[in-house]
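To start, the structure itself, in structure tokens.
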Amino acid sequence: MEVQKGKQHTTAKRMQEFAGVFFSRKLVIFGFIIIVAMILLALLVPVLSPYDPNLSSLKEVLRHPDISHWLGTDDLGRDVLTRILYGTRVSLLVGLASTLVAGVLGMALGLIAGYMEGIVDSVIMRIMDAMLAVPIVILALFLGSALGKGLGNIIFCIGISMIPRYARVTRGSVLSVKKLDYITAGRIYGASRFQIAVKHILKNCLSSNLVMMTMNLGDAILTEASLSYLAMGINPPTASWGGMVSNGYEWLSMNPCVAIAPGIFIVLTVWAFNVCGDALRDVLDPKLKGTL
Amino acid sequence: MGRYIVKRVAQSVIVLLIVTLLIFLVMHSIPGNPIRLYLGDGATTEQIEYYTEVFGFDQPVLVQYVKWLRGIVTGEWGRSICFATDITTLLPDRIVATLSVTIPSLVISVILGVLLGIIAAVKRNGWIDSLVSGCANIGMATPAFWLAILFVYILALKCKLLPVQGYTPLTEDFTLGVRKLVMPVLVLSLGSIAYYARQTRSAMLEVINQDFIRTARSKGLKERTIMLVHALHNALIPLVTVLGMSIGNLLGGTVLVEQVFCIPGIGSLLLTAILNVDYILVQDIILIMSLFALGSNLIVDILYGYIDPRIRVK
């Protein structure tokens, strides 16, 4: 009983330490609050807003901000604030899912390349080099043109175009971990290749990849917004921040809110994720400072 | 050094070959005949067959790939389906338009970014550092297309200082051309300035904490000499690499900026090509873009070999 109590105490203390370092800068607290607020708003929009995001009402086209429509209405009379909040769902979902796709596939490829070495390694890494040679937005755009638009495809396209970074980092740490004594020890004990690769080596690469994933969340959200802006992302009428900016651009002189307000949400969200990613890096992996 | 250069060039050529192969395979995995898509439902079977043969889409994929590759080398870049012209006649003007946005923006962002980064590192934790770092963080979170629209609203619509959008070649009307380029260049630069400032700051901070800087201080050198000569020289090495890698991002950014400002560059050409499933044009443009990105990486790597002898041996 006492032992367990002691254990709980240390975990609680460790969590406290973790939070202490993580929130050591005031900006991080602010960023964290923004992220939590965005998630809550995305979940609660249907309760908070009396409007339907896709229902047009031609009587209320391009109204300026007032008490009933805080950010005005767009060219089809839809409430801008409501649509922005529904857009939060798309942005967060695409950001998280595509980063997950990139992280999982990238780690797998990096692990295979680093563990097998030789020809498999060369083939995988040369393909990664080739993918890195094409700018990310262009790569995602190009893959999107082959796969088509829509939520699932966008997640997949953005995810794939971010794979090379994870593969490179994972491969690098696999190569260095592989030579350590405890891996040899494991092998002598008769652990299978798969066991060693997944249980022992992958575990070691996890924290740097997690840090990188947090830091890339903002990038993924920006890429989604860019693709949707170019009408190559989320299909209208589904609300997405990039698509709303693009639509609002046409009506800029009549109601600037339609184009400018969604952008402020993009900046806030991406900024918050970047700041929290930086803080997480400082906590989990101080060695990575400056390299990522 | 010669061997190092040869090795790096060979590596880049191999990567470029893989790029072409990947582009080609992805492009040809799109279901449907591009000719049918372009001609629409009203086209007769004979028409479709005729044009499919003219463009060579009836041949095996591998034969098409080799043909395309041979064309790239010999200067026959193929025909665009939607513009109905040779791609080689289409590209030069477009590339000039894109470069007249990207080159000034590259110069501005490198100079300002490095300068701000140095100032932030030297005055570490002062108010200038907080301001520069804070702005850099916000700059990196700002989407270029939105910033462009904000600029259009404030500078063009409200203050009426600059034309809203469009492009005039500098050779045609220099003043008007420059006036139209101001906003695109600014928008494209701001993100990069933020990025370079952040990178310069962290590279400088890494160097400043090293022993030889302390030695220089104890020798009684002026602080300015230490920072600009000793620290910057060493911080430049990682910076140059970052610069080489960011040329690609700049090209990615132009697609969006060209779209907002209606500039007929290769970025907007790529979008048109993608929307019209113009196979060969898409392949060619992505090839050009990766050629620029790989080329700048290669130049940087070779420079790097000159600056830092340790690299050549690796």
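The values are calculated or read from the model by the stated rules, or taken from the named source; none is laboratory data. Remember, predicted model here, so these are calculated numbers, not experimental data. Quick reminder, even Gly has a Cβ in these numbers, built from the backbone with ideal geometry, and neighbours come from all protein chains shown. Just so you know, the surface numbers come from the protein's heavy atoms only, side chains and all, with ligands and any DNA or RNA stripped out. Shrake-Rupley method; radii C 1.70, N 1.55, O 1.52, S 1.80 Å.
Here are some notes:
- A Förster radius of 60 Å combined with the Cβ-Cβ distance from residue A:60 to residue B:43 puts the calculated FRET efficiency at roughly 0.85.
- Rg and Dmax, both from the Cα atoms of region B:90-175 and both in Å, are 17.0, 52.
- With all protein chains in place and ligands, DNA and RNA left out, the 1.4 Å accessible area ranks B:140, A:131, B:183, B:245 as B:245, B:140, A:131, B:183, largest first.
- Cα long-axis angle, helix A:163-178 against chain A (0 to 90 degrees, to the nearest 10): 20
- Cα shape, the protein assembly as shown, gyration tensor, a/c 1.5 rule: rounded
- Take every pair of alpha-carbon atoms less than 8 Å apart whose residues are at least six positions apart; their mean separation over the length of region B:88-275 yields a relative contact order of 35 percent.
- Protection proxy ranking of A:208-218, A:38-48, B:203-213, A:136-146, by the mean of other Cβ atoms within 10 Å over each peptide's residues and highest first, is A:136-146, A:208-218, B:203-213, A:38-48.
- With K and R counted +1 and D and E -1, the other residues having a Cβ less than 14 Å from that of residue B:273 yield a net charge of -1.
- In chain A, helical runs assigned H by DSSP with n ≥ 4 each contribute -39500 (n - 2.57); averaged across all residues and rounded to the nearest 500, the mean residue ellipticity at 222 nm is -24500 deg cm²/dmol.
- Taking one quarter of the surface of the convex hull spanned by the alpha-carbon atoms of region A:1-103 gives a direction-averaged projected area of 11.1 nm².
- With R₀ set to 41 Å, the beta-carbon distance separating residue A:108 from residue B:217 gives a calculated FRET efficiency near 0.25.
- Among A:60, A:17, B:258, the order of accessible area from largest down is A:17, A:60, B:258, computed with a 1.4 Å probe on protein heavy atoms.
- The simple Förster model, with R0 at 45 Å and r as the Cβ-Cβ distance, assigns residue B:54 and residue B:11 a FRET efficiency of 0.75.
- Against chain B, whose longest principal axis comes from its Cα atoms, helix B:87-122 is set at around 20 degrees.
- The separation of region A:105-169 from region B:199-233, counted between C-alpha centres, amounts to 39 Å.
- Gyration tensor verdict on region B:88-275 (Cα atoms; rounded if a/c is under 1.5, prolate if a/b is larger than b/c, oblate otherwise): prolate
- Seen from residue B:136, the other residues with C-beta closer than 12 Å to its C-beta sum to a net charge of 0, counting Lys and Arg as +1 and Asp and Glu as -1.
- Applied to region B:195-209, the Karplus parametrisation 6.51 cos²θ - 1.76 cosθ + 1.60 on θ = phi - 60° returns per-residue 3J(HN,Hα) values of 5, 5, 4, 4, 5, 4, 4, 6, 5, 5, 4, 4, 6, 4, 7 Hz, with x for Gly and Pro.
- Non-local Lys pairs in region A:148-255, i.e. 8 or more apart or on different chains, that have alpha carbons under 18 Å apart: 4
- Fully extending the segment from residue B:95 to residue B:173 would add 26.3 nm, taking 0.36 nm per residue of separation and subtracting the current Cα-Cα distance.
- Among the residues of B:15-22, the average count of other protein chain beta-carbon atoms within 10 Å of the residue beta-carbon is 5.
- Working from Cα pairs under 8 Å separated by at least six residues, relative contact order for chain A is 24 percent.
- Per-q log10 I(q)/I(0), region B:12-137, q = 0.10, 0.21 Å⁻¹ (Debye; single scatterer per alpha-carbon; no solvent): -0.59, -1.27
- Averaged over peptide B:249-260, the number of partner chain Cβ atoms lying within 10 Å of each residue's Cβ comes to 4.
- Pairs of Lys in chain B closer than 24 Å at Cα, counting only those 8 or more apart or on different chains: 5
- With helices as the sole contributors, chain B gives -25000 deg cm²/dmol at 222 nm; each DSSP H run of n ≥ 4 counts as -39500 (n - 2.57), and the sum is divided by every residue.
- Computed from Cα positions, the angle between helix B:232-261 and the longest principal axis of chain B comes to roughly 40 degrees.
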